[in-house]
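The values are calculated or read from the model by the stated rules, or taken from the named source; none is laboratory data. This is a predicted model, so every value here is computed, not measured. In this analysis, Cβ positions are derived from the backbone assuming ideal geometry, glycine residues included, and neighbour counts consider all displayed protein chains. When the accessible area is computed, the model is the full protein with side chains, heavy atoms only, and any ligands, DNA or RNA have been set aside. Shrake-Rupley method; radii C 1.70, N 1.55, O 1.52, S 1.80 Å.
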Amino acid sequence: MNKIVTIIKREIMTKVFTRGFIVGTVLGPIFMIGISFGPAFFLSLSEEKSVSLVIVDQTNQLSPHLPAAFSDTLANGQPRFILTVIDSITYERQRALFLQQLEDKQIKAVVIIPSNAWEGGTLIYMGKSISDMEFIQLVRDRINQELNRLKLFRAGINPDVIEQLTTRLKIKTIKIEKGQAREKQLGQEWVTAFVFLIILYMTSLLYGNATMRGVLEEKTSRIMEVLLSSTNAFQLMMGKVFGVGMVGLIQYLLWVAMALGVFAFAAASNPALLKYISISPVVFFYFIVFFLVGYFQISTLYAAVGAMSSSQEDAQALSTPITILVVIPFIISFTVVRDPASTLVQVLSYVPFFTPMLMFLRITLMMPPWYEIWGAILINLAAIVAGTWVSAKIYRTGILLYGKRPTLPEIIRWIRYN
Amino acid sequence: MAVLIVDQVSKFYDHFKAVDRVSFQIEAGRMFGLLGPNGAGKTTTMRMIMNIIIPDEGRIEIFGARFQEEHKNQIGYLPEERGLYPKMKVVDHLQFLGEMKGLSAAEARRRAHHWLERFELEKWAEKKVQELSKGMQQKIQFISTIMHDPQLIIMDEPFSGLDPINTKLLKDILLELKQAGKTIILSTHLMDQAEKLCEEICLINRGRVVLQGPLSDIKQRYSHNSVQLEYAGDASFIAALPFVERINDYGNYMEIRLKDQTAPQELFQAVAQAGLQVSRFEAMETSLNDIFIEIVGGGNGHE
């Protein structure tokens, strides 16, 4: 047991302090964030920015009421509009300046409310871009609304009634926001599942391959038998599998720390982002469980393949079936996102090698009952014990043999050797 | 006390008998030679002693008990297939291998430095293994075999790839270890090395023991009556002497095989009487190499 610890220690010391590990640890999340959060992040940034607006009030009567009409805030607490209300004399005097600011995009638009607005005149909207119909419509509605309130008031209508009428208009706005909220929640679920799925998929392959290369390195550098003079093949394999797994966990911890730092920074500047990354502790717990299950299933097999091989080429060829065992569940998982309740998915989520990804997806999308989850975990633990036993047999014979790639009957014979 | 007992041990691969009912026994403090041509089964036998592969038949006892995993801390094994992690620092590597033999990290590091000094490699301690020459790497492997002060040392072809200076260094340290009471098994196909170092041998051919016992007994049993002669003049009369079996004449050097029961003394007198000018007359002991070739020879022992 002490010797497994020694092997794990060496694995960590020699793997963590390498250029490859540091580069991978830094670039990995940048890549991940790029492909998963990037689009949502940029979309939210471009949508949610304060807008500078200059309103020229030629009626000279609307001015006091306009700031209230444009007083709503963005999700991050910033005001949606930075409003400047001026009269026509100021406008005429500083016209050149405003036009220059429009040109420089310091202000989005200059809107002129004509003096005949009471009789239904024409609003003038001046902007560098006039394609944003939604925004133009919004500005017109706001001004129109304020104009109508003033008209109603002047017609002698009770201010309470006016308030009621405008309140009704506000109800409409809330409805739209509710629709957006529902949409966001769907997106959030999907993003969480997708990010975790990619991490499960990538790390199974990466660390599995790292295990295989480690075993192969020990064979090609001819140190295997030296190590066997101090320990046995089973301890050697377990040390390797645990060691590489620990290196992986260290990488995870660094990633979590980096992620917390990034999110703290992002949340400070844009609280809306938090909605996308709120992960329940239960989901995170199962993520760790299924990472461990998936990693052990795969890496013991990769270790056996490393032991069978004498060269990189052998290892590549022999590891293809294992890679397929990882790729197929990953592909199937895209259908799960569409229909997590399908029978095929439910059945496959019990099958070793499929469980880590499919059962995890079911948990994130549509929590199955606990006995289903733990039933699948038990089946997978049994598979890990069986897989480790077979791998250890192959490992023990394979690590001492050099030369040609073994055939399937030969490998079966190795498993039968006592 | 017998440190190691190998009793009727066999290992089969399909229908090929790699090791076939091999038995031997080694007393504490002995230097034991496990000899044989390439492919005879030496490495398989040593792997079975180390429990790296499991015998199909027979019994192996180490330190008076069946093999236990903890025994590995008491054994230093230098396999024929040996290597190091190329990217590790020398001293870190030795510390790792020391810890693998049950030493504490601090103790392993201390001993690593001690032995590096002894082998004049101290200034390489912080270098990566891959920067060392092949000979230096061999020395590092040798250090890793003995740094945990094992009671039983097993070395498979330890001299292969070593230059004469390092061969001498290794030989000196092996003798020192033997004097300190360690038991040493030396496997080699180089008979002159075995002849100089071992007190007992076991010769294996095609998986079977063909000869074993104390080296002196074996030499006596296989000694032939032969004489080496360096001379000047006409020595053709020697071939006609009644007690001479055959000769091998090189002109001024001659190898003479005498008939059994003939003392070399008789030939010496005959040569002296004939007035031959002799610069060297040597009664030969049969070398282990000759015995090896005689037993294994005929090309039937090789792969």
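Please return the ranges of helices (runs of 4 or more DSSP H) entirely within the stretch B:29-124 where 3 or more residues are farther than 25 Å from residue B:166 by Cα. I'd like the intermediate steps shown before the answer.
Details: elements: B:42-49, B:90-100, B:105-118.
Filter on the stretch B:29-124 gives B:42-49, B:105-118.
Show the residue pairs that are 6+ apart or on different chains and have beta-carbon atoms under 7 Å apart, the first residue being within the stretch B:263-284 and free of Cβ contacts under 8 Å to residues at least 40 places away in the same chain, the second being outside any strand (DSSP E or B) and surrounded by 14 or more Cβ atoms within 10 Å (Cβ to Cβ).
B:264/B:225; B:266/B:243; B:270/B:241
Results for (1) under 29 Å from residue B:293 (Cβ atoms); (2) open to solvent by less than 40 Å² (accessible area, probe 1.4 Å); (3) in contact with a Ser or Thr (Cβ under 8 Å, 6 or more places away or on another chain), shown as yes or no for each residue.
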{"position": "B:28", "(1), (2), (3)": "no, no, yes"}
{"position": "B:33", "(1), (2), (3)": "yes, yes, yes"}
{"position": "B:38", "(1), (2), (3)": "yes, no, no"}
{"position": "B:41", "(1), (2), (3)": "yes, yes, no"}
{"position": "B:46", "(1), (2), (3)": "yes, yes, yes"}
{"position": "B:50", "(1), (2), (3)": "no, yes, yes"}
{"position": "B:53", "(1), (2), (3)": "no, yes, yes"}
{"position": "B:57", "(1), (2), (3)": "no, no, yes"}
{"position": "B:60", "(1), (2), (3)": "no, yes, no"}
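Identify all residues within the stretch A:106-155 that are at pLDDT below 80 and either of a type in the set (Lys, Arg) or not assigned by TED's automatic domain parsing to the domain that holds residue A:69 (or both); write none if there are none.
Passing the criteria: only A:128.
What's the number of the only condition in (1) within 36 Å of the chain's Cα centre (by Cα); (2) loosely packed, with under 14 Cβ neighbours inside 10 Å that residue A:74 fails to meet?
Against the list (1) within 36 Å of the chain's Cα centre (by Cα); (2) loosely packed, with under 14 Cβ neighbours inside 10 Å, residue A:74 comes up short only on (2).
Please determine, by comparing only the residues of the stretch B:62-77 that are touching a helix residue (DSSP H, G or I) at 6+ places or on another chain (Cβ under 9 Å) and more than 8 Å from chain A (Cβ to nearest Cβ), which one is surrounded by the fewest Cβ atoms within 10 Å (Cβ to Cβ).
Looking at the filtered set, the residue picked out is B:65.
Can you say whether residue B:112 is exposed (fewer than 15 other Cβ atoms within 10 Å of the Cβ) and of a type in the set (A, V, I, L, M, F, W, C), as far as the supplied structure shows?
Values: exposed (fewer than 15 other Cβ atoms within 10 Å of the Cβ): no; of a type in the set (A, V, I, L, M, F, W, C): yes.
For residue B:112, the condition - exposed (fewer than 15 other Cβ atoms within 10 Å of the Cβ) and of a type in the set (A, V, I, L, M, F, W, C) - is not met.
Suppose the filter is without any contact (Cβ under 8 Å) to a residue 12 or more places away in the chain and either closer than 24 Å to residue B:199 by Cβ or open to solvent by less than 70 Å² (accessible area, probe 1.4 Å) (or both); does residue B:246 pass it?
On the way: without any contact (Cβ under 8 Å) to a residue 12 or more places away in the chain: yes; either closer than 24 Å to residue B:199 by Cβ or open to solvent by less than 70 Å² (accessible area, probe 1.4 Å) (or both): no.
Here the answer is no, as residue B:246 does not meet what is asked.
Between A:385, A:390, which is of a type in the set (Val, Ile, Thr), within 28 Å of residue A:282 (Cβ to Cβ) and out of contact with any Asp or Glu (no Cβ under 8 Å at 6 or more places or on another chain)? Walk me through it before giving the result.
Values: A:390 fails: within 28 Å of residue A:282 (Cβ to Cβ).
The match here is A:385.
Please work out which residue is surrounded by the most Cβ atoms within 10 Å (Cβ to Cβ), limiting yourself to the stretch B:87-109 and to residues that are in contact with a strand residue (DSSP E or B) (Cβ under 9 Å, 6 or more places away or on another chain) and over 19 Å from residue B:76 (Cβ atoms).
B:88
Of the conditions (1) farther than 19 Å from residue A:295 by Cβ; (2) touching a residue at least 24 places away in the same chain (Cβ under 8 Å); (3) open to solvent by less than 20 Å² (accessible area, probe 1.4 Å), residue A:366 clears all except one; give me its number.
(3)
If you go through the stretch A:267-274 one residue at a time, do you hit one that is touching a helix residue (DSSP H, G or I) at 6+ places or on another chain (Cβ under 7 Å) and either aromatic (Phe, Trp, Tyr) or within 14 Å of chain B (Cβ to nearest Cβ) (or both)? Working first, answer last.
Within the stretch A:267-274, the first condition is being touching a helix residue (DSSP H, G or I) at 6+ places or on another chain (Cβ under 7 Å), and the residues that meet it are A:267, A:270, A:272-274.
Retained after the next criterion (residues that are either aromatic (Phe, Trp, Tyr) or within 14 Å of chain B (Cβ to nearest Cβ) (or both)): none.
The answer is no, given that none of the residues of the stretch A:267-274 is touching a helix residue (DSSP H, G or I) at 6+ places or on another chain (Cβ under 7 Å) and either aromatic (Phe, Trp, Tyr) or within 14 Å of chain B (Cβ to nearest Cβ) (or both).
Within the set of pairs 6+ apart or on separate chains, which have a first residue in the stretch A:197-210 that is more than 16 Å from residue A:296 (Cβ to Cβ), a second that is open to solvent by less than 10 Å² (accessible area, probe 1.4 Å) and hydroxyl-bearing (Ser, Thr, Tyr), and C-beta atoms under 7 Å apart?
Pairs found: A:197/A:333.
Among the listed residues B:144, B:133, identify the single one that is of a type in the set (Ser, Thr, Tyr), in the same structural domain as residue B:181 (by TED's automatic domain parsing), under 27 Å from the mean Cα position of the chain (by Cα) and surrounded by fewer than 22 Cβ atoms within 10 Å (Cβ to Cβ).
Details: B:144 fails: surrounded by fewer than 22 Cβ atoms within 10 Å (Cβ to Cβ).
Step by step, each of B:144, B:133 is checked, and only B:133 is of a type in the set (Ser, Thr, Tyr), in the same structural domain as residue B:181 (by TED's automatic domain parsing), under 27 Å from the mean Cα position of the chain (by Cα) and surrounded by fewer than 22 Cβ atoms within 10 Å (Cβ to Cβ).
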